[in-house]
Structure formats: C-alpha cells, structure tokens
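Encoded as structure tokens, the structure appears first; notes follow it.
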Amino acid sequence: MSNLDYTPPHDIEAEKALLGSILLNSKILEDVADKLKDVYFYDQRNRIVYATMLDLWMNSKPVDLLFVMDAIKNNLNLKKSEIENIDKEFLIELISYSSLSSNPEHTAKIIKEKYMLRLLIQVGDNLKMMAFDGKASAEDILDNAQKQLYEVSLDNLDKNFVRINEVLDRTFERINELYTNQVQFRGIPTGFVDLDMMLGGLHNSDLIILAARPSMGKTSLSLEIVKRIALQQQIGVAIFSLEMSKDQLCDKLISSVSGIELRKIRSGHLEDSETGSEFIKLGEAIGKLGEAPIWIDDSGSLNIMELRTKSRRLKSRHNIGLIVIDYLQLMSGRGHNYQGNRVQEVSDISRGLKMLAKELNIPILALSQLSRGVEGREDKRPLLSDLRESGSIEQDADVVLFIHREEVYNRDTKKKGIAEILISKHRNGETGTVELAWVGKLATFENLQGARVSKVVNK
C-alpha cells in the first residue's frame with residue numbers, strides 16, 4: 001500500500017464544533033488561544049476562519065459571524081477563491097456543529113493531537129527522503145531527526161501562566177518537608193560540608209562548571225562527588241569521560257573507596273599491614289562499587305547530539321540524578337561546519353548542556369580547562385575570564401567552581417595538602433571560597449577538620 005492510500009490524521013467535526021462554539025461565545029478564545037495555533041487545523045477553510053478569529057480577538061474586536069465574514073472578505077492576503085469558499089452559509093454551518101463540543105478545551109486538544117500526528121508523519125517522510133537521497137551523512141540525518149523531534153516536543157508543551165498561590169503552596173510544602181525532616185539541603189549533597197553549606201547541594205536543572213588548570217584535581221574532585229552521591233545516597237550518576245578510560249576511572253574510584261594508594265592499585269603491589277590486608281580492602285571496595293548506580297561512557301569523541309540521546313536513555317531507563325562530563329572542551333558541536341570557529345562551537349556545547357539539564361531536570365557537572373593566562377599572573381587563583389574558548393560558558397552556567405592548590409606553584413607554602421574551591425559564580429546564592437583537604441596518595445579530596453561530618457582529614 002502506498003502513502004497515497006493513507007489519509008492524514010484529522011477530525012473535521014472537532015474543528016467545526018470548536019469554531020462554531022467560538023462564534024457563539026468568543027470568550028472561549030481566552031481558554032484556547034494560547035494552546036491552539038491556526039496551523040493546527042487540517043481544513044484550509046477552518047484554518048482561515050480561526051486565524052481571522054484570533055486577529056479580531058487580539059485587536060479587541062467582536063468575534064461573531066458578521067465581523068468574521070467581513071474580515072475575511074477584506075483580507076488582502078487571501079486569494080479570491082479562498083474568500084469565495086468561506087461564505088455566510090459556511091459560517092452558519094459551523095454554528096450548527098457547536099452542540100458537538102460541550103468542552104471546548106478538550107476539543108482543542110483533539111485538534112492539536114491530530115496536528116502533532118500529521119507533523120510526526122511529515123518528519124518521518126523528510127528523514128526517509130534524506131536517507132534515500134544519499135547526500136547527507138547518517139550523523140547529519142540523526143541530528144536532523146533529533147532537532148525536528150525536539151521541536152515537535154516543544155510545540156506539545158503547555159506553556160501556561162501559573163497563579164502565584166500554586167507556587168507558594170509548593171514552596172511551603174518543600175520548606176515544611178525540609179524543616180520537619182531536618183533536611184539541610186534542597187539539592188543533592190556533595191558530601192563536602194562547607195561546599196554544600198554554600199551551594200545548598202547540586203540543584204536540578206543547574207549547569208555546574210568545575211574548572212582548573214591541569215594537575216589541580218578536577219577529575220578527582222568530580223569522581224569523589226560521584227562516589228559520595230552514588231554510594232551514600234544511591235542516586236544514579238552518568239559519567240561521560242572523554243579524556244580518561246573507564247579502567248582509569250575505576251582505579252581512582254577504587255583507591256578512594258578502599259583507601260589504598262593509587263600507585264599500588266595500578267601496579268598491583270598490595271601489602272598487608274596492621275590495618276589489614278589491602279587485597280581484602282580492594283575486594284570490599286570493588287564489591288561496594290559494583291552495587292553503585294554509576295554508568296560510564298568513555299567514548300573517545302562525543303558531540304552534543306550523542307550526549308543528549310544517551311542521557312535521555314539513561315534518564316528514562318535508570319532515572320539518573322546527575323551527569324558528569326570530563327571535559328567540556330573535548331566535546332564537539334552538532335556536526336555543523338564551524339569553519340574553525342571554536343568559540344562558536346563551544347558556545348553551542350555549553351548552551352546545549354544547559355538545555356539538557358533543564359529538559360531532564362537534573363544537575364550537570366561539566367569539567368572545563370582554563371586558559372594559560374592564569375600562569376602569567378602573580379596570583380594564580382583563576383578568574384571567570386580564564387574559562388577557555390568561550391565567554392558563553394560563564395553565561396550559561398548556574399555555578400562556576402575553580403580549584404586552586406597553592407602547593408602546585410609554591411612548594412614552601414603553608415597550605416600544603418589544602419585545596420581552595422572558589423565559588424566564582426552562583427546564580428542563586430552567594431560566592432566565596434571553601435577549603436578541602438587534598439589527599440595526594442589517594443588522588444582525592446576530603447573534608448578538613450572542623451567540617452560537620454564523621455570522616456575528616458586533619459591538616
């Protein structure tokens with residue numbers, strides 16, 4: 001059976017019933033105008049009538065049979081044949097259908113749903129033609145599919161105003177829950193007490209940038225956060241590692257969980273001591289991590305489209321609560337030809353990450369490199385202007401964190417083993433600096449003494 005044998009989904013009676021109801025009671029437009037566009041109508045005459053109604057209504061003119069008919073007759077953008085097809089008898093016929101629509105909002109939903117189905121068919125046909133044509137690559141077709149389906153999904157969202165009392169009710173319930181259960185943070189706690197006190201945890205839909213110069217430990221800090229969230233809170237985490245392999249990541253995680261030096265894990269030179277067998281500790285750590293809801297993707301190259309697809313799948317199947325990307329500058333854009341404009345490409349990536357965080361309603365922690373400008377200053381602490389290759393990273397991010405360890409630059413510093421975490425941007429809170437302990441032999445971070453948590457490191 002060919003495509004010509006199929007009639008696109010539509011409901012002419014629903015279209016006529018809604019238009020007839022509006023002709024009898026124009027106040028109906030107040031309930032449907034923001035949800036229903038004229039292009040949603042299948043019948044061309046119905047589409048013209050509804051567009052005319054919207055135009056009259058927006059200009060505070062009556063929306064009745066006479067005004068609609070007069071507006072159509074004087075519409076210079078319509079062809080003569082289109083005007084002739086919409087006469088007084090046609091409008092009266094629409095009114096006769098009004099009794100079929102006892103709930104105009106529901107009728108509007110029917111019309112919109114039929115349009116969405118037609119749109120999906122059109123998207124499928126377009127993709128099929130692109131595939132048969134052979135001029136576009138498979139990646140371009142996939143990107144086009146993602147874009148078109150995303151646009152369809154956006155069109156299907158109800159973007160309505162919410163009365164403030166509804167927001168206030170939810171706000172009170174949230175605060176009451178925090179107060180009653182003595183929950184300290186609204187977001188996902190990182191396990192680093194001072195950092196959580198400043199940020200309130202990692203918040204849903206936030207894009208958090210963690211940036212540092214090489215050897216400062218940004219991967220180590222992100223993995224420590226992953227470990228604490230996944231093991232202690234059983235929240236699913238997806239790690240997209242573009243720099244390190246999954247084996248290297250697992251080595252670092254095992255070292256952090258077991259307390260065994262990273263060099264021993266990599267060399268296999270495990271020892272027995274007064275604190276017990278390192279081999280047994282290794283097994284226990286592997287057992288714990290094996291039960292953790294952590295997913296790792298170490299694809300050598302990753303573009304924003306692939307990230308979006310994989311993340312949606314993980315969110316749907318495993319309800320992940322955090323995405324970590326190591327690191328942003330190793331990603332590529334959407335397959336477009338940027339003609340060497342890396343700034344524009346990174347801008348598209350950062351904007352895509354923020355959109356994904358909002359779409360999935362989870363925090364995204366993206367690691368970032370810094371420019372070499374840091375090295376040329378007397379004070380090596382990073383600034384927002386040091387974010388590499390794009391100022392849009394700062395603009396798109398809700399939180400920007402920098403890692404600074406003075407001992408990397410000055411071996412005689414009194415702050416050996418101490419890392420400063422600079423909160424340089426915090427869209428919904430205060431900025432400032434917190435200190436963590438850097439445990440070099442494990443290549444990880446811990447809370448300093450004085451933090452209100454059981455496991456601390458004395459410095």
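Is one or more of the residues making up the range 283-293 under 26 Å from LEU353 (Cβ atoms) and in contact (Cβ under 8 Å) with a residue 12 or more places away in the chain? I'd like the intermediate steps shown before the answer.
Kept after step one, since they are under 26 Å from LEU353 (Cβ atoms), are these residues of the range 283-293: 292-293.
Now drop any that are not in contact (Cβ under 8 Å) with a residue 12 or more places away in the chain, which leaves 292-293.
Yes - at least one qualifying residue is present in the range 283-293.
Any residue at all in the range 291-311 that is part of a strand (DSSP E or B), aromatic (Phe, Trp, Tyr), under 22 Å from PHE445 (Cβ atoms) and in the same structural domain as MET331 (by TED's automatic domain parsing)?
At the first step, the residues of the range 291-311 found to be part of a strand (DSSP E or B) are 294-297, 303.
Next cut, aromatic (Phe, Trp, Tyr) only: 295.
If we keep only those that are under 22 Å from PHE445 (Cβ atoms) as well, we get none.
Within the range 291-311 (the criterion being part of a strand (DSSP E or B), aromatic (Phe, Trp, Tyr), under 22 Å from PHE445 (Cβ atoms) and in the same structural domain as MET331 (by TED's automatic domain parsing)), the answer is no, since none of the residues qualifies.
For the range 396-405, check the following and say yes or no: at least one residue is crowded, with 16+ Cβ neighbours inside 10 Å, over 24 Å from GLY200 (Cα atoms), over 19 Å from the mean Cα position of the chain (by Cα) and assigned by TED's automatic domain parsing to the domain that holds ASN341. Working first, answer last.
Step one: of the range 396-405, the residues crowded, with 16+ Cβ neighbours inside 10 Å are 396-405.
From what is left, the residues that are over 24 Å from GLY200 (Cα atoms) are none.
No, the conditions are met nowhere in the range 396-405.
Mind checking which helices (runs of 4 or more DSSP H) fall wholly inside the range 168-279 and carry at least 2 residues that are under 24 Å from ASP398 (Cα atoms) and at pLDDT 85 or above? Steps first, please.
On the way: elements: 193-199, 218-227, 246-258, 262-267.
Where helices (runs of 4 or more DSSP H) fall fully within the range 168-279 and carry at least 2 residues being under 24 Å from ASP398 (Cα atoms) and at pLDDT 85 or above, they are 193-199, 218-227.
Could you tell me how many of the residues in the range 232-282 are under 30 Å from LEU314 (Cβ atoms), of a type in the set (D, E, K, R) and touching a residue at least 12 places away in the same chain (Cβ under 8 Å)?
Matching residues across the range 232-282 total 5.
Pairs only if they're at least six apart or on different chains, beta carbon under 9 angstrom, first in the range 45-60 and under 19 Å from ASN85 (Cα atoms), second of a type in the set (Ser, Thr, Tyr) and crowded, with 21+ Cβ neighbours inside 10 Å; list them, first residue then second.
Correct list of pairs: ARG47/TYR40; TYR50/TYR40.
How many residues are modelled with pLDDT under 85 and either closer than 20 Å to ASN341 by Cβ or small (Gly, Ala, Ser) (or both) if we restrict to the range 364-395?
Within the range 364-395, residues that are modelled with pLDDT under 85 and either closer than 20 Å to ASN341 by Cβ or small (Gly, Ala, Ser) (or both) number 14.
Inspect all residues belonging to the range 91-105 and state whether any of them is surrounded by fewer than 16 Cβ atoms within 10 Å (Cβ to Cβ) and closer than 29 Å to LEU149 by Cβ. Don't jump to the end; show me each part of the working.
Step one: filter the range 91-105 for residues surrounded by fewer than 16 Cβ atoms within 10 Å (Cβ to Cβ), giving 92-93, 96, 99-100, 102-103, 105.
Right, trim to closer than 29 Å to LEU149 by Cβ and you get 105.
Looking for residues that are surrounded by fewer than 16 Cβ atoms within 10 Å (Cβ to Cβ) and closer than 29 Å to LEU149 by Cβ, one finds at least one in the range 91-105, hence yes.
Going by what's in this entry, would LYS415 be described as within 17 Å of LEU221 (Cβ to Cβ), part of a loop (DSSP other than H, G, I, E, B) and at pLDDT below 90?
Numbers: within 17 Å of LEU221 (Cβ to Cβ): yes; part of a loop (DSSP other than H, G, I, E, B): yes; at pLDDT below 90: yes.
Taking the combined requirement at face value, the residue satisfies it.
Provide a single number: the residues in the range 1-23 that are at pLDDT below 90 and more than 19 Å from ILE121 (Cα to Cα).
Adding up the residues that qualify gives 0.
Please list, ordered by residue number, the helices (runs of 4 or more DSSP H) wholly in the range 24-124 having 3 or more residues that are in contact with a Phe, Trp or Tyr (Cβ under 9 Å, 6 or more places away or on another chain), in the same structural domain as ILE12 (by TED's automatic domain parsing) and not hydrophobic (A, V, I, L, M, F, W, C).
Passing ranges, in order: 44-58.
Under 9 Å by Cβ, and 6 or more places apart or on different chains, what pairs join a residue from the range 424-449 that is without any contact (Cβ under 8 Å) to a residue 40 or more places away in the chain and surrounded by 14 or more Cβ atoms within 10 Å (Cβ to Cβ) with one that is in a strand (DSSP E or B) and among the polar types (S, T, N, Q)?
Going by the 9 Å Cβ cut-off, the qualifying pairs are ALA437/ASN447.
Whether any residue in the range 55-70 is at pLDDT 90 or above, under 44 Å from the mean Cα position of the chain (by Cα) and not charged (D, E, K, R) is what I want to check.
There is at least one residue in the range 55-70 that is at pLDDT 90 or above, under 44 Å from the mean Cα position of the chain (by Cα) and not charged (D, E, K, R).
The values are calculated or read from the model by the stated rules, or taken from the named source; none is laboratory data. Since the model is a prediction, treat every value here as computed from it, not as a measurement. Cβ atoms come from the backbone with ideal geometry, glycine included; neighbour counts cover every protein chain shown.
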